[in-house]
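J.: I'd like to ask some things about the structure below.
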Amino acid sequence: MKFLAITLIVHAPDPVTGVLKPTHDRFREVIDNAVFAEEIGFDGFGVGERHERPFISSSPPVVLSHIAALTSRIRLFTAVTTLSLLDPVRAYEDYATLDHLSDGRLDLIIGKGNGTAQRELFQVTPEDQWERNAESYELFRRIWRQDKVTAEPRFRPELTAAEVWPRPYQQPVRVWHGSATSRESVDLAARYGDPLFSANVTNPIEPYAELVRYYRERWTHYGHDSAQAVVGAGTAGYYAARTSQEAIASYRPVFEGQLAFQKRLGLEPVFTTLEDFVERSSALIGSPQQVIDKVHRYHEQFGHSVLHLQADASGLGDARHRASLELFQSDIAPVLRRDIPDPPFPWAPVLAAPRPVDF
């Protein structure tokens, strides 16, 4: 099993202290967390993309490029690239450049994205967002693989023998499809033989497990080898301590602060008590053995081989959060790596063969 640390770069008051860090400090925190994740043995680090409050993750290629310059091994993920909002030509240019700067350590997780404010910012409607997502991905995919592209897309100007530079370092880049609530993204992933990443954050396991089953059904429907279907899954929270009592006591103020923040935003919480959150959500809160057991329970439903944890302290405080991540790497990850297989593809980059260029 492989493990990612992921941040959506939420810029909001600390759920426990109420302190709002300056924007500059919040970005520095993200960079420091990525370097730390590599140091303690995480396989990947992901940066989200949002274009609305309370997020400042509007430019993941820039953030990931900076992380690439400070790291050498960890794979760099987008979580997610909102292709329904983006020009796929411009998105390709950004990510092909990042692919080179990172020496081929880039993985993309794509999705349509959520949120009314960011849809309105880019003039995307609920009626056309899925078509935009599929069209943008199909064009992005062609540009990555072909030196010249001719296409008549619906949502951007047509291309005629268009050359888009730079040509990529990896051939091809691995693209995961982020899945939260809809079958459209699941079907798109299965159609192209791409891995799926289940959000697995907001609700109990059932709706996510149903989508994963649908993905595997569509995978075989499109003629792919069932053994090659790959699923990743998120977690709603993480904190491990030597005893379950210590973990629960330490996490309770964090949960209560997050609950209050959701209510201020006018959101209806799915889990109204910490005990329910620990029991029915995907959050991994408890002793190392409890975390291991819960990942195994989810694996029985998902068959996933990649797992993400939150990179941000989010109320725990940096020292406590980092100690918990170190505990994950020392006591939890080795067991899960032993028990659950890795994805059936190489984690190292697949590099493009040199090609002649006509000038």
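Bear in mind these aren't lab numbers, they're just calculated from the coordinates by the rules spelled out. Model, not experiment: these values are computed from the prediction. Here Cβ is always computed from backbone atoms with ideal geometry, including for glycine, and neighbour counts include all displayed protein chains.
J.: Considering only DSSP beta bridges with both partners in the chain, what is the antiparallel share in %, to the nearest 5? Present the calculation step by step, with values, prior to reporting the outcome.
T.: Values: 4 of 36 bridges.
Among the beta bridges of the chain, antiparallel pairing accounts for roughly 10 percent.
J.: Ranked by Cβ crowding within 10 angstrom, fewest neighbours first, how are PHE122, PHE197 ordered?
T.: PHE122, PHE197
J.: Quick one: Karplus J couplings for segment 237-244, per residue in order, coefficients 6.51, -1.76, 1.60, θ = phi - 60°, nearest Hz, x for Gly and Pro?
T.: x, 8, 7, 10, 9, 4, 10, 5
J.: Return the FRET efficiency for the residue pair SER226, PHE345: r is the Cβ-Cβ distance, R0 is 22 Å, and the value is rounded to the nearest 0.05. Mind showing how you got there, number by number?
T.: Values: r = 15 Å, r/R0 = 0.67.
With a Förster radius of 22 Å, E is 0.90.
J.: Considering only segment 1-94, what is the antiparallel percent among its DSSP beta bridges, to the nearest 5?
T.: Numbers: 1 of 9 bridges.
The answer is about 10 percent antiparallel.
J.: Lysines within cross-link reach of LYS112: Cα-Cα under 21 Å, excluding same-chain residues under 8 positions apart?
T.: none
J.: State whether segment 1-89 is rounded, prolate or oblate according to the following rule on the C-alpha gyration tensor (a ≥ b ≥ c being the square roots of its eigenvalues): a/c under 1.5 gives rounded; otherwise a/b larger than b/c gives prolate, and the remaining case gives oblate. Display every interim value, and only then the final one.
T.: Values: a/c = 1.77, a/b = 1.08, b/c = 1.64.
Oblate is the answer for segment 1-89, as a/c is 1.5 or above yet b/c matches or exceeds a/b.
J.: Pop out the ³J(HN,Hα) list for segment 13-28 in order, Karplus 6.51 cos²θ - 1.76 cosθ + 1.60 with θ = phi - 60°, rounded to Hz; leave Gly and Pro as x.
T.: x, 3, x, 9, 8, x, 7, 9, 6, x, 3, 4, 5, 5, 5, 4
J.: Take the alpha-carbon centre of segment 181-196, take the same for segment 69-103, and report the distance between them in whole Å.
T.: 20
J.: If you don't mind, another one. Which value in deg cm²/dmol, rounded to the nearest 500, describes the helix-derived mean residue ellipticity at 222 nm for the chain, given -39,500 (n - 2.57) per DSSP H run of n ≥ 4 and division by the residue count?
T.: Helix contribution divided over all residues of the chain: -13500 deg cm²/dmol.
J.: Further question on the same structure: Can you list the residues, at least 5 places off or on another chain, whose amide H is less than 5 Å from the amide H of VAL230, using H built in the peptide plane?
T.: Those qualifying (amide H under 5 Å, at least 5 residues apart or on another chain) are LEU196.
J.: Give the Rg/Rh ratio for segment 252-357, taking Rg as the radius of gyration of the Cα atoms and Rh as the Kirkwood radius, to two decimals.
T.: 1.10
J.: Loop only per DSSP, at most 13 neighbouring Cβ atoms within 10 Å: give me the trypsin sites (Lys or Arg not before Pro) in segment 97-165, ordered by residue number.
T.: Values: sites: ARG105, LYS112, ARG119, ARG132, ARG141, ARG142, ARG145, LYS148, ARG154; in loops: ARG105, LYS112, LYS148, ARG154.
Of the trypsin sites (Lys or Arg not before Pro), the ones in loops of segment 97-165 whose Cβ has at most 13 other Cβ atoms within 10 Å are LYS148, ARG154.
J.: Which order, highest average first, do 276-285, 303-312 follow once you tally other Cβ atoms within 10 Å for each residue and take the mean per peptide?
T.: The peptides rank, most packed first, as 303-312, 276-285.
J.: Sticking with this one: Local charge sum around VAL295 (other residues, Cβ-Cβ under 14 Å, Lys/Arg +1, Asp/Glu -1)?
T.: Taking every other residue near VAL295 into account, the sum is +1.
J.: Would you mind checking the tilt of helix 205-221 against the longest principal axis of the Cα atoms of the chain, expressed as 0 to 90 degrees and rounded to 10?
T.: Roughly 30 degrees between the two axes.
J.: In segment 57-152, which GluC sites (Glu not before Pro) are in a loop and have at most 12 other Cβ atoms within 10 Å, using DSSP for the loop call?
T.: GLU127
J.: Amide H of ASN200 versus every other amide H placed in the peptide plane: which residues, excluding those fewer than 5 positions away on the same chain, fall under 5 Å?
T.: GLY234
J.: In addition: Got the relative contact order for the chain handy, in percent, Cα pairs under 8 Å and 6 or more residues apart?
T.: The normalised contact order for the chain reaches 19 percent.
J.: Radius of gyration and Dmax for the chain's Cα atoms, expressed in Å?
T.: When restricted to Cα atoms, the chain yields Rg and Dmax of 20.0, 67 Å.
J.: Sticking with this structure for a sec: Which of rounded, prolate, oblate describes segment 74-141, given a ≥ b ≥ c as roots of the alpha-carbon gyration tensor eigenvalues and a/c under 1.5 marking rounded, otherwise prolate only if a/b is larger than b/c?
T.: Taking the square roots of the gyration eigenvalues as a ≥ b ≥ c, segment 74-141 is prolate.
J.: Skipping prolines and chain starts, which residues have an amide H placed within reach, meaning under 5 Å, of the one on PHE55, given they are 5 or more residues away or on another chain?
T.: HIS11
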